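The values are calculated or read from the model by the stated rules, or taken from the named source; none is laboratory data. What you are looking at is a predicted structure, and each value in this text was computed from that prediction instead of being measured. Here the Cβ is made from the backbone with ideal geometry for all residues, glycine too, and neighbour counts use every protein chain on show. The area values use the complete protein model at the heavy-atom level, side chains included, leaving out ligands, DNA and RNA. Shrake-Rupley method; radii C 1.70, N 1.55, O 1.52, S 1.80 Å.
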Amino acid sequence: MAIVERWTGAEASALRQALRLSVRAFAEQELGVSVRTVSNWESRGADITPVTEMQRALDTALARADDDVQARFSRILDGGPGPQETGTLATAAEWEAMSQLNRRVLLKYGLVPLLGPHDAHPQALTSSGSPGPAPFTPAAPPAASWARPIFDAVLNPTDVVRRVASNASAGSRTESGDVAVLRQWAGAVLTAHLASDYAKLSTALPTLVGYVEAANMHANATAATVQPLLSDVYAVAAWSLIKADNSLGAWIAAQRAIQVAEQTDDVLRVAAATRCMSEVHMRAGNFAEATRTAFLATVQLDTAHPADRKTALCLRGAALLSAASASARRGDSREAYAALKAAAVCADELGEERSDLGNVFGPTNVAIHQVAVAVELGDRQGALRRIPSVKLDRMPAVLTERRARFLIDVARSQHDDQAALDALLQAERIAPHELREHRLTHELLRDLMSRERRSSDVRAIAGRCDLLN
C-alpha cells in the first residue's frame, strides 16, 4: 500500500486520478467536502487542513481501494504512469523528462517560481536525497506582441477585473452583469480565434476575461450559468497563447478552464479543455504527455449525456486528432494511424463539419490531419497522395484557420519550391495572420530562402513574416 504521512493537494489529486473520479464525485462520495474545496486544494497543492478529519477520509479512501488503484496512485506520485498502464504511450522516463509542464511539479512549486527569478528557488530533492525536477523558469511574455495583453490577463486576472470595474463605474460598460451579453461577446471572440483574427483577440479577449471573472465573483445563484462561460473564455485564451508559442501561459489558462468546468461537473467542457491541454504539451514539445492527455479527454467523454451525443462525438474526434498529431511527432506511425482511424469512425457517424466548444472536427478535418500526420512522419509521397481527398469547400467559411493550416502542410509536402510557395500564398490570402505568425511557415521559408535568389517572391513573403531582419 502507498504510504502518505501528510496529505497535500497534490496527493489528493493523484488519488482522485487513480480512482478515476470527477472532482464532484471525489468531493461528495469520498471526502464529504465541497467541490470548490477539492478544486482549491488541487490548484494550490497545499497541505490538507484541517488535518484530523481530512487525513482520515483520504486514508480511508486509499485503504479500501483495490491493488490496481493503489498501483496507479503510486505511479502518479512518482511522476507518471508506467508503460504497462499506457501501452505505447509515455514511459516513466519520458514522463520525468516532461517535468517542466508536469501537473504534479506545478502543484508542488505553485506559481511563485513561475513568476520569480530562477535562481531564487533551489533545486528540490526527492525523498532519496537525489535531485528532483528543476523549478520552473520564469514565464516570459509571448514574443508575439498581439498576445501580450492576453498573457497578462491570464497571469493576473485581478488587475483586469479592477480595470473593467473602474470602466463600469465610469459608465463605459454595463455588460458585466449581463450573462446573455457576455455569452454573445464570447461567441464573437471564439469566432475570431477560429478565423485567426489576432487583432480582435488581442483587444477583446483580455477585457472579456475581466468581465466574466467579475460576473463569476458576484454570480451566487447564477454560478452554474457563468462558470461554463468562464471555462470557455479561458480555453480560448489557452488556444491563443498556444498560437503565440507561450506554452506556460497557455498551461495556466487551460488548467483554469479545466478547474472551472470540474466545479460544475461539466463533462463536455472538462474534455474540451483537457484536449486543449494536450495541444499545450504538444506545442511545448512534450509529445508523449500530449498523447496521453488527448486520450484522457476521450475517456472523460464516456459519461457524457446521450442528448449530447453529437457534441461528444465532435470533442472525441478532435481529441483523437490531437493524439494522432502528437504520436506522429514522436515518430510513432502505428499509434498515429490508429488514432486517425478511430477519429474517422467518429467523423463518419457525425457526418458534418462542426466546431463545438471551439473544437473543429468532421470528415474534412480528418482528411486534413491525414495529410498533416504523413508530413510529420516524413512521408511526403503519402501526404501528396492524400491532398486530393481534402475538400476545403465543405468546411464552413468561418474556419479560415483550418484552411490555412492545411495549406501550410501542403507547402511542406511539396518537392517543388514553386508549388510550396504557391500553397503559402494561397494560405496567406485566406488567413494572413495564421500564415505569417505560424512557426511552421517560418521554418519552411528559411529553408526556401536558402535556395532562392534575393529578388524572389519567397523573400517578399518572408518580409511580410518579419524574417528578413
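For region 351-358, putting each phi into the Karplus relation 6.51 cos²θ - 1.76 cosθ + 1.60 with θ = phi - 60° gives couplings of x, 7, 8, 10, 9, 5, 6, x Hz, in residue order, rounded to whole numbers and with x for Gly and Pro. Checking the a/c ratio against 1.5 first, then a/b against b/c, what shape does the Cα gyration tensor give for region 380-469? Judged from the Cα gyration tensor, region 380-469 comes out oblate (a/c at least 1.5, b/c at or above a/b).
The label-point distance for Asp302 and Ala63, in a model that sets each label 7 Å from Cα toward Cβ, rounds to 2.8 nm. For Tyr234, the solvent-accessible surface computed with a 1.4 Å probe is close to 10 Å², ligands and nucleic acids excluded. Placing pseudo-labels 7 Å out from each Cα toward the beta carbon at Ala419 and Lys310 gives an inter-label distance of 3.8 nm.
Ordered from largest to smallest accessible area (heavy atoms of protein chains, 1.4 Å probe), the residues Ile242, Ile430 come out as Ile430, Ile242. Per residue, the solvent-accessible area of region 225-296 (1.4 Å probe, heavy atoms of protein chains only, all protein chains present) comes to 20 Å².
Under 5 Å between amide hydrogens, built in the peptide plane, is the criterion, and for Ser196 it picks out Glu401 among residues at least 5 positions away or on other chains.
Applying 0.36 nm per residue to the separation of Asp159 and Thr37 and subtracting their alpha-carbon distance, the gain on full extension is 41.5 nm. With θ taken as phi - 60° and the Karplus curve 6.51 cos²θ - 1.76 cosθ + 1.60 applied, the whole-hertz 3J(HN,Hα) list for region 364-378 is 5, 5, 5, 4, 4, 6, 5, 5, 4, 5, 4, 4, 4, 7, x Hz, x standing for glycine and proline. A compact globular protein would have a Cα radius of gyration near 2.2 N^0.38 Å; the ratio found for region 269-428 is 1.00. When a 1.4 Å probe is rolled over the protein heavy atoms, the share of accessible surface on region 320-413 that falls to carbon and sulfur comes to 47 percent. Here the 3J(HN,Hα) profile of region 313-322, calculated from phi with Karplus coefficients 6.51, -1.76 and 1.60 at θ = phi - 60°, is 4, 4, 5, 5, x, 4, 5, 5, 5, 5 Hz, Gly and Pro shown as x. Here region 350-373 and region 392-420 have alpha carbon centers that stand 14 Å from each other. Under 5 Å from the amide H of Thr8 lie the amide H atoms of Ile48, each residue being 5 or more positions distant or on a separate chain, with H modelled from the backbone and absent for Pro and chain starts.
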